[in-house]
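Report on the structure given below.
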């Protein structure tokens, strides 16, 4: 019986992140942690307002990924504010 060698396929390399992208992800995670730690509505409002400004800036710059991250932060901050008010 003649055994045929298995074809070795190359796997695609994982996406390489640039330094700026890694810093952006770290900042995003830091913002989410800040939202979770906030105990005052005023703190949340400040984060929400900054996220809204970033969202508008990213939209004007046509940087879709940054716009979505800013939108996510703004929505999470709004939800957290609602939870604090409900307490």
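Details
- Check on residue 32, outside any loop (DSSP other than H, G, I, E, B) and without any contact (Cβ under 8 Å) to a residue 24 or more places away in the chain: no
- Among (1) modelled with pLDDT under 65; (2) surrounded by 10 or more Cβ atoms within 10 Å (Cβ to Cβ) - the single one residue 34 does not satisfy: (1)
The values are calculated or read from the model by the stated rules, or taken from the named source; none is laboratory data. On a predicted model such as this, the values are computed, not experimentally measured, just so you know. Methodologically, a virtual Cβ is constructed for each residue, glycine included, from the backbone with ideal geometry; neighbour enumeration extends over all protein chains shown.
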